[in-house]
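Following: one structure in C-alpha cells, then a few remarks.
Just so it is clear, none of the values below were taken in a lab; they were calculated from the coordinates. Source: prediction; values computed, not measured. Heads up, the Cβs are rebuilt from the backbone with ideal geometry, glycines too, and the neighbour counts pull from every protein chain shown.
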Amino acid sequence: MKTRIDVPIDGVTPAGVPAQSPARRLFLRRGAALAAAVGGAGLAPLLLAPRTAHAADYKALVCVFLYGGNDGLNTIVPTDATRHGQYSAVRGGLALPRSSLVDLAGSSYGVHPSLAALEPLWRAGRVAALMNVGPLVAPLTKAEFRSAPPNSALLPDNLYSHSDQQVLWETASGDAFTRTGWGGRASDVLATLNPVISVGGNGRFGNALQRTPLVLPGPGSTFGVHGLQPQDLGWAPVAARKAAMDALFAAPQDAALAEVYAQMQREALTVSARLGGLVQRQVAVGGGAIDTAFAPLVGGDGRIGTDLGRQLFQIAKLIEGNATVQGNRQIFFAQIDGFDTHGNQAVTAAPTTGTHARLLLEVGNAIAAFDRAMQALGMGDAVTLFTHSDFGRTFKPNNSNGTDHAWGNEHLIVGGAVRGGVYGRFPELVLGGPDDVGVDSWEQQGRWIPGTSVDQYVATLLGWFGATDAQLDAIVPNLRNFGSSRQLGFLAPPVAGG
C-alpha cells in the first residue's frame, strides 16, 4: 500500500455537520445553485481586502496543460547528424526533416515548424527547453524500474494512463489519489490572496486543502448571476430582487453550515460584481497593449480564433487589471486538448499539416501573443509561462501514423526571468537502451524513463515565485528524495527582498 501524499496545510475538516430542518436544507440547496450560477467552484475563498496594482514584487505563474499527451519528440528534435539519423530511422514517416525544423540557435536542437512564432523569443533568451521530464517518486534507473515489484512505492501510479498521469502532473506526486494540486498547495503555503485562477476548467491542479480554484469563463461571457448584472439594476424590480437576495444572505443563520454557505454567497456576489466587467471584455481592434499583442490571432469575426488564444488573452487581462483582481502573487491555469495522437498525427510529406502540427501552431501562436502582451505591459520579467502534459509518446510510431502513451517528455518555459537554453538530459535514442523501459523486443517502444522529475520542475518554478526550501518541502513532499538536485536553474533566482 502506497503512502498518500496529501499535505495538511491550514486546517482540518469539521468532525460533523448539525442536523438541518427542511427549510434550512432548501436554503442550502438554493445557495449551492447560486454559487454555480456565479461561476462555479472557487469564488468564496477570494479575500476582498484592497491591493495596489502590480506591486514591485508582483509575480505570476501560468500553466498551459497540453491534455492528451503531447509528442515531445516531435516538438523538440535533435539536429546533429548522429541523433537526427537515429530519430529518423525509428520515426519513419513521422520524422521531421532537419530542413523543416526551426533552429534553436546555440543548441543542437530545433522545434517543430508550427512553433516558428517562438523562435524570436528563443533568440532573445526568453525560452528554456526542459528535456525528458516526468513523474518520479525518486531518481530511477532502468534496472530499478525492471526489478521493482508491482505497486512498489518507488514507481509512480498507473504509468501510461491518461487520467492518472494527468493527476500526477497536476499534483506533483507519485500517487494518483492525491486530492490537492501543486498549484493549490502553493497558494495555501505561500498564503496568496487568491486561489489558483483557472480559465481552463476545474482540474486537480488548483485544488487546495480548503480552497478550490476560481474558474472563469472566456472573454465575452457573463460572470455572475444572469439578470442581476450591474447594467440590469436600473430597473426597479431587478434592483428589488437583488436587494432581497443581499438581505437573505446577510441575515444571521442558526447553523454553522448555513452560515458558511451564506458567507460563500456574499463573497461570490461581491467578487463576480468586481470581476464581471474585466472577464467580459473582448479583444478590441486598435485597442490597448494586450489587444495589439493578440491582434494576429483575431479572425474575420473580430474575435480571437483559437481557444487557447482566448484563454491566454483572458489571463493577460487579469494581469493587466491586477488592481481589480488584487494580490501580488497569482497562479493561473489554461489548457488545450487533443494531443492523444494515436492516429493521423502527421501528413508525411508536409510537416506543417496534420493533427499535431495544427495543435502546436495554436500553442506557439497563443504563447507568442501572450509574451508580446506581457512585454508591452512591462510585466515580462514578472510572468513565467510553462507547459505540462499527461506524458510523452512512444519514440516508435504505431501502424496508424501515430504514437502511443509513454512517460518522459519535453517541455517549454517562457518569460523574461527565464535563463534561455536547454536543461535536463535528452534521452538516448536507442530502442531497448538505458532510457527505454523495454527489454523484450515487443516492449521496445521508446517509453523513456524520465531523467528529471516533475518535482524538480515545480520546485524551480516555485523557487523563482518566492518559496523557501521549507515551503517547497511542504508543497512538493517528494522533492527531498532528489537530494541537492532540487532546482534546475532555468529561472533567475529571486532578488533578495523581492
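Assorted remarks:
- Label-point separation, Ser161 to Arg358 (7 Å along Cα→Cβ), nm: 3.1
- Label-zone membership for segment 260-294, site Leu233, 7 angstrom Cα→C-beta point, backbone N under 20 Å: 262-281
- When only the Cβ of Lys, Arg, Asp and Glu is charged (+1, +1, -1, -1), the dipole of segment 98-194 relative to its Cα centre reaches about 260 debye.
- Residues with amide H under 5 Å from that of Gln229, placed H, sequence gap 5 or more: none
- Of Val437, Ala251, Gly125, farthest towards positive along the dipole that unit charges on Lys, Arg, Asp, Glu beta carbons give the chain: Ala251
- Distant-in-sequence amide H partners of Leu136 (H built 1.01 Å from N, under 5 Å): Val454, Asp455
- Cα-Cα separations in segment 401-498 greater than 15 Å, expressed as whole percent: 67
- Here each label is just a point 7 Å from Cα along the line to Cβ, and for Ala105 and Thr270 those points are 5.2 nm apart.
- Under 5 Å, built H, 5+ apart or other chain: amide partners of Leu491: Arg419
- Charged neighbours of Gln231, selected by a Cβ distance under 14 Å, balance to +1 (K, R count +1; D, E count -1).
- DSSP beta bridge pairing in the chain, given as percent antiparallel to the nearest 5: 45
- Cβ crowding within 10 Å averaged over residues, with 360-373, 142-155 ranked highest first: 360-373, 142-155
- Evaluated at q = 0.09, 0.23 Å⁻¹: base-10 log I(q)/I(0), Debye formula over Cα of segment 58-182: -0.36, -1.24
- Ranked packing of 172-183, 257-268, most packed first, by mean Cβ within 10 Å: 172-183, 257-268
- For Rg/Rh (Cα atoms, Kirkwood Rh), computed directly from the structure shown, the correct entry in [x] 1.06; [y] 0.99; [z] 0.96 is [y].
- Computing Rg and the Kirkwood Rh from the Cα coordinates of segment 406-454 gives a ratio, Rg/Rh, of 1.11.
- As a size descriptor, the averaged projected area of the C-alpha convex hull of segment 330-484 was calculated at 11.2 nm².
- Span from the segment 209-240 Cα centroid across to the segment 378-402 one, whole angstrom: 35
- Gained length - Glu259 relative to Met245, 0.36 nm times residue gap less alpha-carbon distance: 3.6 nm
- When the Cα positions of Gly85, Trp464, His162 are compared along the charge dipole of the chain, Trp464 comes out farthest toward the positive end, with charges on each C-beta of Lys, Arg, Asp and Glu.
- Along segment 62-67 the Karplus relation, 6.51 cos²θ - 1.76 cosθ + 1.60 evaluated at θ = phi - 60°, assigns HN-Hα couplings of 10, 8, 10, 8, 9, 6 Hz to successive residues, with x for each Gly and Pro.
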